[in-house]
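The values are calculated or read from the model by the stated rules, or taken from the named source; none is laboratory data. All of these numbers come straight from a predicted model, not from anything done at the bench. Counting neighbours? That spans all protein chains shown, and the Cβs are built from the backbone with ideal geometry, glycine included.
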Amino acid sequence: MNVLIINGSPRKTGSTTTITNAFGEVAAAHGATVRTYNLNDMRDIRGCQSCTKCWTTGSCALQDDFALPLADHNWADIIVWATPVYMDDMSGILKLFTDRMFSNVKPEYYSDFIPIHGRLGPGKQFVLIQTQAAPADMYEALFKKCATIMRDCGVEDSRWLHCAGLWVQDMEGQAERLQSYKKQARELAREVCKGKELSPIAVTI
Ligand SMILES: Cc1cc2nc3c(=O)[nH]c(=O)nc-3n(C[C@H](O)[C@H](O)[C@H](O)COP(=O)(O)O)c2cc1C
C-alpha cells in the first residue's frame, strides 16, 4: 500500500504539517510506504504552460521538481493533499501544482464532458487535510473543488479532514484543538488503510 502526501504548507512545525504527519505515521504503522513532498522546499517549479503535450503523451512535458510528485499519483493507493486555507483557497503553491494535474485528465473529458475520465487508475482514494483559522462552517467549497479535480483525474473516493479554528500565530493556545485534529487524522488513516487491506485486489494478490 502506497501513500503519497503532497504538503502545501510552508510551515514545518505548523498545524497542517503536524496533523498530516499524524496521518502519515499511522499509515506507516499499517505497513504503508509513505512518500511526502513539501512543495515549499521545491525551487525549480513552473506553472502549467498550456502546451497540451500531456494530452498525447499522458504525462507533463515539464521536467522540474513537480515531475516526481506528479508521477507518484500513479504509484499511490492513497493520495493526501494537505493545505492551509490562504485567502479563501488552497495555498498558492498547491494551486500551482494543481494546474499541473491537468496531465492526469484525459483530453476526451473536454470534448464530450463525460465526468469520470481520468488517467489515474481505479481503486485510489483521495484525502484532503484542510486547516483554517475560520470556523468549520466555512470553506466546504475547497473540499468540493479538490474532490472534483480528483474525479476529473479518475479518483472517485474523496475524504475530508476539516481542521477549523487554527490560527498561525497561536500554536500554544490551540494545543488542545490540535490534539483533537491529530486524533482525527490518525483515525482517518486507520480507516482508509484498513479499507485498502480489505480491498478485493489486495485479497486476490
Ligand atoms: C497568507 C495567509 C492567508 C490566510 N487566509 C486565510 C483565510 O482566508 N481563511 C482562513 O480561515 N484562514 C486563513 N489563514 C490562516 C491559516 O489558514 C491557518 O492558520 C492554518 O491553520 C495555517 O496552517 P499552518 O499552521 O500549516 O501554516 C491564512 C494564513 C495566511 C498566512
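Within the range 155-179, the residues that satisfy the criterion of being within 14 Å of the chain's Cα centre (by Cα) and in a loop (DSSP other than H, G, I, E, B) are 155, 156.
Name the residue that is nearest to residue 141 (Cα to Cα), counting only residues in the range 75-89 that are touching a helix residue (DSSP H, G or I) at 6+ places or on another chain (Cβ under 9 Å) and more than 9 Å from the ligand (Cβ to nearest atom). By that ranking, first place goes to 81. Would you please name the residue that is surrounded by the fewest Cβ atoms within 10 Å (Cβ to Cβ), looking only at residues in the range 133-156 that are more than 14 Å from the ligand (Cβ to nearest atom) and of a type in the set (A, V, I, L, M, F, W, C)? For the range 133-156, the residue satisfying everything is 147.
Looking at the structure I just gave you, is residue 92 within 10 Å of the ligand (Cβ to nearest atom) and within 21 Å of residue 19 (Cα to Cα)?
Criteria met by residue 92.
Pick from the range 157-194 the residues that are basic (Lys, Arg) and either surrounded by fewer than 18 Cβ atoms within 10 Å (Cβ to Cβ) or within 20 Å of residue 31 (Cβ to Cβ) (or both): which of them is farthest from the ligand (Cβ to nearest atom)? Restricting to residues being basic (Lys, Arg) and either surrounded by fewer than 18 Cβ atoms within 10 Å (Cβ to Cβ) or within 20 Å of residue 31 (Cβ to Cβ) (or both), the top hit is 194.
Residue-wise test of (1) in a loop (DSSP other than H, G, I, E, B); (2) closer than 14 Å to residue 130 by Cα; (3) in contact with a Leu (Cβ under 7 Å, 6 or more places away or on another chain); (4) among the aliphatic types (A, V, I, L, M).
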| site | (1), (2), (3), (4) |
| --- | --- |
| 3 | no, no, no, yes |
| 28 | no, no, no, yes |
| 34 | no, no, no, yes |
| 52 | yes, no, no, no |
| 65 | yes, no, no, no |
| 83 | no, yes, yes, no |
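In the set 45, 93, which member is β-branched (Val, Ile, Thr), farther than 23 Å from residue 196 by Cβ, part of a helix (DSSP H, G or I) and at pLDDT 95 or above?
Values: 45 fails: part of a helix (DSSP H, G or I).
Exactly one of 45, 93 is β-branched (Val, Ile, Thr), farther than 23 Å from residue 196 by Cβ, part of a helix (DSSP H, G or I) and at pLDDT 95 or above, namely 93.
Against the list (1) more than 14 Å from the chain's Cα centre (by Cα); (2) within 30 Å of residue 190 (Cβ to Cβ); (3) surrounded by 13 or more Cβ atoms within 10 Å (Cβ to Cβ), the condition residue 64 fails is (2). Specify which of the listed residues (45, 6, 19) is within 13 Å of the ligand (Cβ to nearest atom), β-branched (Val, Ile, Thr) and closer than 21 Å to residue 83 by Cα. When all the criteria are applied, what remains is 19.
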